[in-house]
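Here the structure comes first, spelled out in structure tokens, and everything after it is commentary.
No value in this document is a laboratory result; all are computed from the given coordinates. As the structure is a computational prediction, the values presented were derived from the model and not from experiment. Methodologically, a virtual Cβ is constructed for each residue, glycine included, from the backbone with ideal geometry; neighbour enumeration extends over all protein chains shown.
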Ligand SMILES: NC(=O)c1ccc[n+]([C@@H]2O[C@H](COP(=O)([O-])OP(=O)(O)OC[C@H]3O[C@@H](n4cnc5c(N)ncnc54)[C@H](O)[C@@H]3O)[C@@H](O)[C@H]2O)c1
């Protein structure tokens, strides 16, 4: 999709980080915006900073892990602006724990926000996007964790691998239908955002995470440092996304050097080697 002006973008997780940068870039492109986040107060404050007239902007409190909330988001977007041209399933959360320390509630929270959200997004937006005229595009935010298996991130890795394969499947299906809907999957490495404090937005129904063991705490500390020292910014992610959408490119891997680790993982698989530790 090359034309963005006067088209409508729906972005989840838009109150912070990569989602907010996507919203800023979409606003600068002259798009209409439907912005969703579980943190309504922060979303409303963030939306006020965007260069977009009030009648071209809509914000909605959405918990993307809940199907009824995503259904309401689709209703709002199509009801208000008639069509959706860019759907960014971006909201996500992480929790650093050794696999056997993750509780069932941790798994349900992380898979709900990171993976089920994309399933809900596809089920509630795609039929209507297929029925509308013109080009459109879906961008799913995965992670390099969808291509690699970093320790102490089991639920996150599983969720992001799910987003990658779901996106690949969607792409091939839409191609086979000759649909005018492009698909991209964003796979960043470390980006300095608030992702390492994801628990701030954990819905009550998932309870709170149990305290980490010393090993998990050490991984957690390292993960936080890695996020904070990420060299590419959320704005760089937005630039990479808009470039890829304009070029109809599927894989968006802005941290080029991480491809070495992906290659090694693929070679381990193809050459029957045990996984090389990351
Ligand atoms: N920052 C990184 O290093 C990095 C790397 C790879 C992938 N990602 C992915 O990028 C995406 C955006 O994360 P970010 O880094 O900007 O983090 P962030 O914490 O700054 O932003 C995430 C946003 O999602 C919202 N959110 C959380 N739970 C939600 C829910 N249930 N419903 C709706 N909104 C919810 C948060 O309120 C927040 O505004 C996520 O999918 C994340 O997994 C981030």
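With the biggest extent put first, the Cα atoms of the stretch 1-124 measure 48, 28, 28 Å across the principal axes.
Translational D (Stokes-Einstein, µm²/s) of the stretch 56-145 at 4 °C and 1.567 mPa s when Rh comes from the Kirkwood sum over C-alpha pairs? D = 91 µm²/s. Using R0 = 41 Å, the C-beta based FRET efficiency linking residue 75 and residue 262 works out to 0.60. Relative to the dominant Cα principal axis of the chain, helix 117-131 is inclined by about 30°. With semi-axes defined as the square roots of five times the eigenvalues of the C-alpha gyration tensor, the equivalent ellipsoid of the stretch 110-188 measures 26, 12, 9 Å, largest first. Look at the Cα gyration tensor of the stretch 180-230: its axes a ≥ b ≥ c give a/c of at least 1.5 with a/b at or below b/c, and that counts as oblate.
Once the Cα atoms of helix 234-247 and of the chain are each reduced to a long axis, what angle between those two axes, in degrees from 0 to 90 to the nearest 10, is obtained? The two axes meet at around 60 degrees. Between residue 105 and residue 49, the distance separating the two model label sites (each 7 Å from Cα on the Cα→Cβ line) works out to 3.2 nm.
Could you tell me which of rounded, prolate or oblate describes the stretch 221-269, using a ≥ b ≥ c as the square roots of the eigenvalues of the alpha-carbon gyration tensor, with rounded for a/c under 1.5 and, failing that, prolate when a/b is larger than b/c and oblate otherwise? Judged from the Cα gyration tensor, the stretch 221-269 comes out oblate (a/c at least 1.5, b/c at or above a/b).
Only counting other Cβ atoms within 10 Å, I'd like 48, 42 sorted with the fewest neighbours first.
Lowest count first: 48, 42.
Here the contact order of the stretch 48-141, divided by its residue count and restricted to Cα pairs under 8 Å and six or more residues apart, works out to 41 percent. Its Kirkwood hydrodynamic radius, worked out from the mean inverse distance over all distinct Cα pairs, puts the stretch 81-217 at 16.0 Å. Simple spin-label estimate for residue 221 and residue 131 gives 5.5 nm between the two label positions (7 Å along the Cα-to-Cβ direction from each Cα). Each principal axis of the chain carries a Cα extent, and these read 51, 42, 32 Å when sorted largest first. Footprinting exposure proxy ranking of 4, 250, fewest other C-beta atoms within 10 angstrom first, gives 250, 4. Taking the inverse of the mean 1/r over every pair of distinct Cα atoms in the stretch 55-104 gives a Kirkwood hydrodynamic radius of 13.4 Å.
With respect to the chain, whose longest principal axis is taken over its alpha-carbon atoms, helix 67-81 is tilted by about 30°.
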